[in-house]
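Just so it is clear, none of the values below were taken in a lab; they were calculated from the coordinates. Quantities reported herein were computed from a predicted structural model and do not represent experimental measurements. Please note: Cβ atoms are built from the backbone with ideal geometry, for glycine as well, and neighbour counts cover all protein chains shown.
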Amino acid sequence: MAKGKVAVALSGGVDSSAAASLLKEANYEVMGVHMRLWDSPRSEYQAHRAETICRILDIPCYQVDLQKEFESCVVDYFCREYRQGRTPNPCVACNQHIKFGLLLDKALSLGADYLATGHYARVEHSRDGHRLLKAADTGRDQSYFLYTLTQEKLRHVLFPLGGHSKDEVKQVAKEARLPAAARSSQDICFISQNNYAAFLSRRFPGTPGDIVDGRGTKLGQHREIAFYTIGQRHGLGLASGKPLYVIRIEPESNRIMLGQEKELYSQKLTARKLNWISGKAPQGPVTAKARIRYKSKEAEVILFFSNDSVDVHFAQPQKAVTPGQAVVFYNMDEVLGGGIISQTEK
């Protein structure tokens with residue numbers, strides 16, 4: 001007897017196809033669902049691969065057109081944040097609103113008990129609730145992107161790759177005779193060659209403004225604040241005898257402020273738009289670990305709570321803490337929750 005019915009989000013890549021194969025081997029009733037998110041030759045290629053994978057695994061294949069919703073929830077958000085001087089994380093928004101929002105709803109409407117993806121993370125189900133955990137392969141761990149999951153959503157989520165290494169996943173795909181990846185993945189799926197400036201330039205006209213130092217002295221002119229991020233050193237268009245970095249972006253005055261590397265460090269940040277995996281915010285000051293970007297090392301922090309925000313105090317100052325990015329909190333392997341960085345204190 002099958003353990004349950006699972007819809008696997010198939011991107012066309014090795015990870016999601018291996019996830020489908022593992023679930024079928026584990027005696028789940030599996031079907032594939034492919035999201036059409038973007039109108040491009042790459043999207044056509046991915047849809048074709050998803051169909052091929054379903055044919056090889058002998059499972060049903062469904063195509064779900066979410067282009068309008070993706071444009072609204074992810075692409076528009078991405079552009080709006082950059083225009084306001086923040087650095088967004090579109091993968092977090094996509095997971096929250098698209099994969100584990102609209103696609104999860106679609107999977108349940110098709111009669112699935114679960115939605116599975118190729119994320120490297122783990123979920124632990126019990127009668128007392130559901131815990132989101134790091135992947136066993138910490139070098140591949142993607143739990144950072146999943147902190148917006150709730151108890152209700154986690155109840156219907158499986159991460160088959162959470163206990164496997166990338167090499168093991170490749171071997172699973174090879175043994176199932178699934179197609180190997182013919183193209184490398186992109187950081188941002190809707191931006192070709194990761195050229196953010198070119199993409200944003202097509203979305204809105206650039207508004208030049210001043211580049212200044214910490215005293216307000218004009219050093220040059222920028223093309224548009226959306227093309228810059230905290231910590232950026234290259235592409236500033238300035239000649240200087242010492243390295244200069246973007247230390248502040250001021251959308252109100254349309255200015256970029258430069259400074260020395262030591263001015264990039266912050267002792268504290270404030271985060272808003274919080275989500276706690278347990279459904280309840282922790283009580284009182286809490287000691288935890290925090291990650292301020294996907295590839296950053298975890299830092300020791302103390303969390304101080306207010307009604308709709310949390311102040312995060314670092315044991316050691318952190319470099320290039322960036323408004324708009326996600327900060328995610330951990331207790332050992334468990335994801336406690338996270339939020340969006342709204343401001344920092346140098």
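Key figures for this structure:
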{"read-out": "Dimensions (Å) - region 1-69, Cα atoms, principal axes, largest first", "value": "40, 22, 17"}
{"read-out": "Helix-only mean residue ellipticity at 222 nm for the chain, each DSSP H run of n ≥ 4 adding -39500 (n - 2.57), per residue, nearest 500", "value": "-5500 deg cm²/dmol"}
{"read-out": "Length-normalised contact order of the chain in % [C-alpha pairs under 8 Å, at least 6 apart]", "value": "16"}
{"read-out": "Förster-model FRET efficiency, 51 Å R0, F204 and Q171, C-beta, rounded to 0.05", "value": "0.65"}
{"read-out": "Lys, Arg +1 and Asp, Glu -1 on Cβ, resulting dipole of region 205-259 about Cα centre, debye, nearest 20", "value": "200"}
{"read-out": "Three-way shape label, region 5-192, alpha-carbon gyration tensor, a/c 1.5", "value": "rounded"}
{"read-out": "FRET efficiency estimate (nearest 0.05) - Cβ-Cβ, Y265 to S306, R0 25 angstrom", "value": "0.55"}
{"read-out": "Gain on full stretching of the segment that runs from D333 to A281 - 0.36 nm per residue minus C-alpha separation", "value": "16.9 nm"}
{"read-out": "Difference of contour (0.36 nm per residue) and Cα-Cα distance, R155 to E252", "value": "30.6 nm"}
{"read-out": "Antiparallel DSSP beta bridges within region 200-274, percent to nearest 5", "value": "80"}
{"read-out": "Peptide ranges 165-173, 145-153 listed from the most packed, as the mean C-beta count within 10 angstrom indicates", "value": "145-153, 165-173"}
{"read-out": "Förster radius 35 Å - calculated FRET efficiency between S192 and K346, Cβ distance, rounded to 0.05", "value": "0.45"}
{"read-out": "Set K68/K280; K24/K174; K134/K174; K68/K170; K262/K297 screened for pairs whose C-alpha atoms are more than 23 Å apart", "value": "K68/K280; K134/K174; K68/K170"}
{"read-out": "Rough spin-label spacing in nm, given labels placed 7 Å along Cα→Cβ, for K242 and H313", "value": "3.1"}
{"read-out": "Bins of 10 Å from zero: percent of alpha-carbon pairs in the chain", "value": "5, 23, 30, 24, 13, 4, 0, 0"}
